[in-house]
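See structure below.
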Amino acid sequence: MLRKLIAGNWKMNGLRHSLDQVSSLMQKVGKAPKADILICPPALLLMEMARMTKDSPIMVGGQDCHWKESGAHTGEISAQMLANAGASHVIVGHSERRADCGENSKTVRHKAEAALAAGLIPIICVGETLAQREAGEAASVVRDQVEQSMPTQSKGEIVIAYEPVWAIGTGKVASAADIAEIHALLREQVGPGIRLLYGGSVKPGNAAEILHIENVDGALVGGASLTAEDFFGIIENA
Ligand code: 13P
């Protein structure tokens, strides 16, 4: 069994005072937590968070990166910059970026390749919309996204996060049977070594059930990662 990874995605939330939550989380988790722990804060907080957590088991990651190493791309952040700031991971292809910024699986693949080239672990997000699920297309949508978003020559660790779009920030969690079904298909598709996270309204109260489903190797947590109390409540259930 793969060691679980509990990853927090702060999205566009967090000011300098939010780093207090990280101090508090460090105290709660101690030196030997039950799972690997990652926080992906807004880019502006990343360097300070990496400095704070340097001697703790908490890792820090980016929420997105550009596919190019450097150059004329105003406002963008490269994978190399994230690594240089102390990141170990980067989320790519989050559904909010696929929707808000028109990212497609090809772009996501280039980003994942850039992440690997910079020595980062990409967390590649996939997931169907409600309309796609209702049309019976969930499995095929997810399979196609994985196929097209995965780096072609993968050297280095990769993580995949299954986040049904309709379960993100809605309080609606996919049923255990639906999660088990998609994760089994993903396992078949990508093989045994890749961690498969579930994301979408994971909270302390439902974490135990979700994290014990077969082929679920961790969680990608949005809202409940913003406070040390809730995030630790999830970590404890790993
Ligand atoms: P919520 O946990 O807020 O539903 O967000 C999930 C998510 O999108 C994590 O990337």
Arg51 vs. criteria charged (D, E, K, R), within 16 Å of the ligand (Cβ to nearest atom) and under 19 Å from Gly8 (Cα atoms): no
Number of the condition not met by Arg51 [criteria: (1) in a helix (DSSP H, G or I); (2) among the basic types (Lys, Arg); (3) within 29 Å of Pro192 (Cβ to Cβ)]: (3)
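For the structure I just gave you, tell me whether Val108 is surrounded by 14 or more Cβ atoms within 10 Å (Cβ to Cβ) and within 16 Å of the ligand (Cβ to nearest atom).
Values: surrounded by 14 or more Cβ atoms within 10 Å (Cβ to Cβ): yes; within 16 Å of the ligand (Cβ to nearest atom): yes.
Here the answer is yes, as Val108 does meet what is asked.
Given Gly102, Gly71, Gly86, Gly93, which one is touching a residue at least 24 places away in the same chain (Cβ under 8 Å), among the small types (Gly, Ala, Ser) and away from the ligand (no atom under 15 Å from the Cβ)?
Numbers: Gly102 fails: touching a residue at least 24 places away in the same chain (Cβ under 8 Å); Gly71 fails: touching a residue at least 24 places away in the same chain (Cβ under 8 Å); Gly93 fails: away from the ligand (no atom under 15 Å from the Cβ).
Unique residue meeting the criteria: Gly86.
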Matching residues in the range 150-171 - criterion: being among the charged types (D, E, K, R) and surrounded by 14 or more Cβ atoms within 10 Å (Cβ to Cβ): Glu157, Glu163
Filtered residues of the range 172-195 (kept if crowded, with 18+ Cβ neighbours inside 10 Å and within 14 Å of the ligand (Cβ to nearest atom)): Val173, Ala174, Ile179
Residue in the range 196-228 that is farthest from the ligand (Cβ to nearest atom), counting only those that are charged (D, E, K, R) and more than 20 Å from His94 (Cα to Cα): Glu214
Qualifying residue in the range 113-123 (condition: assigned to a loop (DSSP other than H, G, I, E, B), buried (at least 20 other Cβ atoms within 10 Å of the Cβ) and within 16 Å of the ligand (Cβ to nearest atom)): no
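From the list Ala87, Ala43, Ala72, pick out the single residue that is out of contact with any strand residue (DSSP E or B) (no Cβ under 9 Å at 6 or more places or on another chain) and modelled with pLDDT of 95 or more.
Values: Ala87 fails: out of contact with any strand residue (DSSP E or B) (no Cβ under 9 Å at 6 or more places or on another chain); Ala43 fails: out of contact with any strand residue (DSSP E or B) (no Cβ under 9 Å at 6 or more places or on another chain).
Exactly one of Ala87, Ala43, Ala72 is out of contact with any strand residue (DSSP E or B) (no Cβ under 9 Å at 6 or more places or on another chain) and modelled with pLDDT of 95 or more, namely Ala72.
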Residue within the range 19-27 that is in contact (Cβ under 8 Å) with a residue 12 or more places away in the chain and in a loop (DSSP other than H, G, I, E, B) present: no
Evaluation of Ile58 against (1) within 28 Å of Arg187 (Cα to Cα); (2) within 16 Å of the ligand (Cβ to nearest atom) (one fails), failing number: (2)
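The values are calculated or read from the model by the stated rules, or taken from the named source; none is laboratory data. A quick note: this is a predicted structure, and the numbers were derived from the prediction, not measured. With ideal geometry, Cβ positions are generated from the backbone for all residues, glycine too; neighbour counts draw on all protein chains shown.
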